[in-house]
Amino acid sequence: MSWNNNSSYQQGYPPSSYQPVHSSQPYAPSNYGPPPGPPPDPLFTDSKDAGTGERFKPKKKLNDPFFLAFFILTVLGFAAVSGVAIHDWIQHGGLGGGVGNGKQTGTSVTLNRHTVYLLLLVTAAALLLSATYLLLVRAFTSTIMHITLILSIAANVGICIYYWITKYWSGAIIFTVIAIFSLLSYFGYRSRIPLASLLLQVVMDVSKHHISVYIVAFTALLVQAAISVWFVFTAIATYSKWTPNNPSCSTRGGSTSCSSGTVAGLIFFETFSFIWISQVIANVALATLAGGAYGGWYYFGPREAGMMPKHPTLSAFGRASTLSLGSIAFGSLIVTILELIRMLLDAARQSANDDGNPVGACLACCAECCVGIIESMVEYFNRYAYIEIALYGKAYIPAAKDTWRLFKDRGIDALVNDSLVGMTLTWGAYIVGMLSSLFAYLYLRLTHPAYNASGQYTAPVILFAFLIGLQCSLTTSSAINAGVSTIFVGLGEDPQVLAERAPALFQMIADTYPQVVQGVPHNV
């Protein structure tokens, strides 16, 4: 099937299929104006603001300044520790070596410049793989959604079987419940694929008319990759500089600052900083996209209609990176703390297993599972709160309250939870991560770096490559997720607008969830 740049969503097509047709305007009929239905909301002030209210007119107020200051201090602290560690590490030959020519390269003391080239190449490969996956999703949306649904169920069953075979009883019991639940829910999820598929196609077709979507996504991707590489080498340099008996430590006049406790404390701070910074980068990109191209398309129509404000993405980025940065940092901090707790519980579980303590391992596993579920729910909830922040310029707490109202009023939460878009993009991220780790493994095998002569660094390098590929793909797909989430928020606030923008999608939603298209009452 070929896709035309002037594709639109016209009424009259079967709700189970999406077919592009030629039109003078993309996405919707050419007769733009206030959507049919109830009278305009009291917040409307003129015809251009119909359907938008106070959206895109946020108050110029610095929100959540305490968390903004805390975030800035954390970034500066991470930069200071990193600068000291990496400077000392380079002075002691930490960046020896090069790309390699099939012979032993670099020194055998620690990771070196050879690894820098490796991680840069992994990042480039992850970028290419992520873009390729999005193209495949656009071309074969429904098929890939079916595949990822089956893969999700198969993964749950496979993990369950593996844990029973290895006699990891606590994990086996938990994943048995998860596997049974996923099997029972298969047919319900499968029946919802047409709606999710059409929604994803709408978002991807909107994004191809706004190059700013890809600029924001790939800029965030490159920044995220740079932060990942920075963190990796900061951690390596920290181990090298402060681990007792290392050459760089012993030459410092016998200073007592070199200790396992110092290393553990610095690594914990660096990990906390890395996770928080990564979260903020991704969420600033989300708010920029929601308040820019996607929000502008939903409330003002395509650019050709002449209703969209000038440079909406640039304006949205300006708000997200200044006035709303404290609110975004606030929400990101909650997820960061939960992620750290989950990592600590995972370490406790592994320690209990090593000590032969099945009761402790089971308790730690259950706690880790509960924290993981809470973390996923908070991340999911925050995504919509950030969209409220982007559209209204609210502080985090008011945005969270309005998001909760949006989720609970008239069943909008049922529609949100039925979306399979996130599952599809997440599986793509795992595939990109695995291919990136395979690339790193082959690179090590072909270049034979001296530091890895006995293979002791193969596992950590492959792990880092997987994490970089995973994070890069998730950052790229966040551009699509932003569009999906923005449509859901717009649907909850002003559903009749979607009837103008994407009639086929609106009709399918109305047929499946008639209570949702009634909208949520506005607070005047």
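The values are calculated or read from the model by the stated rules, or taken from the named source; none is laboratory data. Note that the coordinates shown come from a computational prediction; the quantities given were computed from them, not determined experimentally. Ideal geometry is used to build each Cβ from the backbone, glycine not excepted, and the neighbour counts take in all protein chains shown. Calculation scope for accessible area: heavy atoms of the full protein, side chains included, ligands and nucleic acids excluded. Shrake-Rupley method; radii C 1.70, N 1.55, O 1.52, S 1.80 Å.
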**Request:** Take the range 321-335 and flag every residue that is in contact (Cβ under 8 Å) with a residue 40 or more places away in the chain and of a type outside the set (Val, Ile, Thr).
**Result:** Leu323, Ser324, Leu325, Gly326, Ser327, Ala329, Phe330, Gly331, Ser332, Leu333
**Complete:** Residue set Leu435, Leu463; condition under 21 Å from Phe233 (Cα atoms) and more than 12 Å from the chain's Cα centre (by Cα); output residue Leu463
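Looking at the structure I just gave you, is Ala395 among the aliphatic types (A, V, I, L, M), open to solvent by less than 20 Å² (accessible area, probe 1.4 Å) and at pLDDT 85 or above? First the steps, then the outcome.
On the way: among the aliphatic types (A, V, I, L, M): yes; open to solvent by less than 20 Å² (accessible area, probe 1.4 Å): no; at pLDDT 85 or above: yes.
No.
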**Request:** Go through (1) touching a Lys or Arg at 6+ places or on another chain (Cβ under 9 Å); (2) modelled with pLDDT of 80 or more and name the single condition Thr176 misses.
**Result:** (1)
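One line per residue, one yes/no per condition, for (1) β-branched (Val, Ile, Thr); (2) at pLDDT 80 or above; (3) crowded, with 16+ Cβ neighbours inside 10 Å:
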| residue | (1), (2), (3) |
| --- | --- |
| Ala154 | no, yes, no |
| Trp164 | no, yes, no |
| Trp169 | no, no, no |
| Arg190 | no, no, no |
| Leu199 | no, no, yes |
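Return yes when Leu338 is within 22 Å of Phe381 (Cα to Cα), open to solvent by 20 Å² or more (accessible area, probe 1.4 Å) and touching a residue at least 12 places away in the same chain (Cβ under 8 Å) and no when it is not. Show your work before the answer.
Numbers: within 22 Å of Phe381 (Cα to Cα): yes; open to solvent by 20 Å² or more (accessible area, probe 1.4 Å): yes; touching a residue at least 12 places away in the same chain (Cβ under 8 Å): yes.
Yes; evaluated as a whole, the condition is true for this residue.
Of the residues Ala479, Ala440, only one is open to solvent by less than 20 Å² (accessible area, probe 1.4 Å), assigned to a helix (DSSP H, G or I) and modelled with pLDDT of 80 or more; which? Steps first, answer last, please.
Working: Ala479 fails: modelled with pLDDT of 80 or more.
Every option except Ala440 fails the conditions.
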